[in-house]
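As structure tokens, the structure follows; a few thoughts come after it.
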Amino acid sequence: SRTPTAATSWANGKSVELWVADGTAYTVTWSTIPVTWLDTQTPVLPTSGYARIMLTKLNDVFYGAWLGNVA
């Protein structure tokens, strides 16, 4: 389980794709990063496989998008 922190050293336009494993064993707490989610809600981790999540910094705002699950 993790609580990510804002990457203040990120330049605008930088992105990272996260693959987060197994939502039954792990959790991600996004409260320490003010993320604007493209679908207005944080993604729910799958019970098996991986959730693919993209974080991008634009104009000093972090945007998040759930890209789908991979078995």
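The values are calculated or read from the model by the stated rules, or taken from the named source; none is laboratory data. Here the structure is a predicted model, which is why all the values come from computation and not from measurement. Cβ: placed from backbone, ideal geometry, glycine included. Neighbour counts: every protein chain shown. Heads up: the accessible areas ignore ligands, DNA and RNA and are worked out on the full protein's heavy atoms, side chains in. Shrake-Rupley method; radii C 1.70, N 1.55, O 1.52, S 1.80 Å.
Any idea how many residues of segment 4-17 are surrounded by 11 or more Cβ atoms within 10 Å (Cβ to Cβ) and not charged (D, E, K, R)?
Here the count works out to 6.
Go through segment 18-57 residue by residue and tally those that are open to solvent by 80 Å² or more (accessible area, probe 1.4 Å) and part of a strand (DSSP E or B).
2
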